[in-house]
Ligand code: SF4
């Protein structure tokens, strides 16, 4: 593409030091081939960004003769490089999904029976507002909590804050990336963030500890992983399962589940003992290295062998391999890291290994991304809550940096530190995202109001009092995507087609609810275009440009220390904390330590779960395009185990967990690609909501079997890989 026509929009302060030096301007992309407007008769192309997962790749949707036809990558998108992942390409299926919610629903019988009455929006929102006002009068505004996932939750968050509640949480913290962000923040003073600023394409050695790139289809990372493999980078994969990434690896370490910290300690032991670390980097930026060195000294590869099952020679060889390529050695921070309850310390060990390699802030390691700056809409200040947040009383989890979903759930059950009586749930299926379904259902019994806003039905919608049908991302505006990245940009989601039934966009739902709650002064804009225009104009851009181009780029910042990024560490010492005094003072290990995992009952297998490249969580199983590619999950069982049980491929078993919970039947996949002490399944299947006709009872639900979890004492994350199952053969 010809990039000659650069146009300056605004000086922005927050793009990063180097970007400011470069001129601080957003840049409209010239002559976008696929921009809005007809280019062939009957064809209309509309730029937008994908919502099939949280990665937010920019896309071009095409409408042919008035009918939605396809969604492709935006040719100028820095995230996708013009190529969507299979799920994004299947995004059209979200529009055509016959299981979509069509009209507002009011519960017509007892909770959970899934019997409904269709009502108007006015009736539905009037009912919600009336209940919320009653809760506020009786218990205070804090007694209503919002659970949310993704950019679409922005306006409901605004309504809830204006209403007076600070209780807004997302499973993406305590059930996913929380331990990672806290582990890195404790070490480097900054969380990892999203998308991860991992410089995979420039890495010469990439280490994946249980990270399933290629199965978790985070588009940018998958493409960069392919580039790294193609350019001969050395790949080291640690996993109890021979994953897609493992199939590209130079070294595969089939570790005993739950022993990763032991391996990480042994790697650090070798690297320190053989003086293979980046001494200059550690001396310049490190704090507490001598104490750290003393801590890791006992943990030799020979010590780690019986813990991990990994041969000492292989531990040494892989440690030396990492050191050979430093600083372009990236030990990937991962994303979904809530495994065993010691997760923050495990990921802190990953952070420390990166620090030894000198890879934080360096090319081929973890770069420092640029931050475009677009001012927030100037709302009046929100009311201040007298009670504060409910999820983490007395800072029980002292390093929790975001609200804890499970903390809100616990308060809803116990009424402590104060009662929670209303849940608004936006685009997250809490029955499947939170471990311990019984606890979630118990909490629901204590609610006076449960409202679910979503595009499709779900198990949590099945328990709701009110279900509000949202337009898909192809039918709505959302808030701007102000994207932190190596190539930062601002992007617009905009309607491509109209909603086929009585669905409404989230901004409209949040605004109408706000008005019914008497919060007019928090909604001075009459529609989303007015809101978006205000924000964009404050940043020197226009909505018209965004509608035409889809995105505008901020200046590229320098990414690495060697390019002029100033090393800054927002830790108490102002340095990289090899030894953490703040952890020690709070009663935790200042350097991570290994505790052997609890074994399962005799004859049981540890239940592991993960992602498939064609599905997002439990949200896409009814999508007609994606379900064609995969419409049920399988249970991976080691071939020798399967033979012992007389099982062959395609046989069906039920899984019975340590607490006696039995799954729906699931197909067996005998494979050598998993250790004999574990089984593995893709998350999200085994739906039990009758709203999901096409996905009902297809495959089995891992969430149903995750009745136990180990809470991370540092930040409240819920380790979920501590459940065990036996195989119950179908008669
Ligand atoms: S990674 Fe795939 S599903 Fe996610 S936003 Fe990008 S294209 Fe869409």
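Laboratory data are not the source of any read-out in this text; all were calculated from the coordinates shown. All values reported here derive from a predicted model rather than from experimental measurement. Every residue, glycine among them, receives a Cβ derived from its backbone with ideal geometry; neighbour counts consider all protein chains shown.
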Restricted to the chain, the DSSP antiparallel beta bridge percent, nearest 5, is 50 percent
Cβ density ranking, 10 Å radius, fewest first, applied to 322, 691 yields 691, 322
Region 604-651: C-alpha pair distances exceeding 15 Å, % | 56 percent
Please give the calculated 222 nm ellipticity per residue for the chain, where each DSSP H segment of at least 4 residues contributes -39500 (n - 2.57) and the sum is spread over every residue; nearest 500 deg cm²/dmol?
-> -8000 deg cm²/dmol
Extent along principal axes [Cα atoms of region 605-729; Å; largest to smallest] | 43, 36, 26
Out of the DSSP beta bridges found with both residues in region 605-729, what percent are antiparallel (nearest 5)?
-> 55 percent
Full-extension gain in nm, residue 317 to residue 385, via 0.36 nm per residue minus C-alpha separation | 18.9 nm
Distance cut-off 29 Å, percentage of C-alpha pairs in region 539-696 lying past it = 55 percent
Please work out the ratio of the alpha-carbon Rg of the chain to 2.2 N^0.38 Å and round it to two decimals.
-> 0.94
Length-normalised contact order of region 399-554 in % [C-alpha pairs under 8 Å, at least 6 apart] = 16 percent
Exposure proxy check on 289, 685: fewest-to-most Cβ neighbours within 10 Å is 289, 685
Cα-Cα pairs above 27 Å in region 419-550: how many percent?
-> 35 percent
State the extension gain, in nm to one decimal, for the chain segment bounded by residue 401 and residue 229, taking 0.36 nm per residue of separation less the distance between their alpha-carbons.
-> 58.4 nm
In units of 2.2 N^0.38 Å, the Cα radius of gyration of region 306-364 is 1.23
Which of 303, 55 comes first, and how do the rest follow, when ranked by fewest Cβ neighbours within 10 Å?
-> 303, 55
The extension gain from residue 729 to residue 102, computed as 0.36 nm times the residue separation minus the Cα-Cα distance, is 221.8 nm
Quick one: if the Förster radius is 60 Å, what FRET efficiency do residue 568 and residue 122 give, using the C-beta to C-beta distance and rounding to 0.05?
-> 0.70
With just the Cα atoms of region 166-240, tell me how far they stretch along each of the three principal axes, in Å, largest first.
-> 49, 26, 25
What order do you get for 338-350, 516-528, 230-242 when each peptide is scored by the mean count of other beta carbon atoms within 10 Å, highest first?
-> 338-350, 230-242, 516-528
Simple spin-label model, 7 Å along Cα-to-Cβ: residue 643 to residue 273 in nm?
-> 3.7 nm
Taking only the alpha carbons of region 78-162, the radius of gyration and the largest Cα-Cα distance, Dmax, both in angstrom, are 18.0, 53
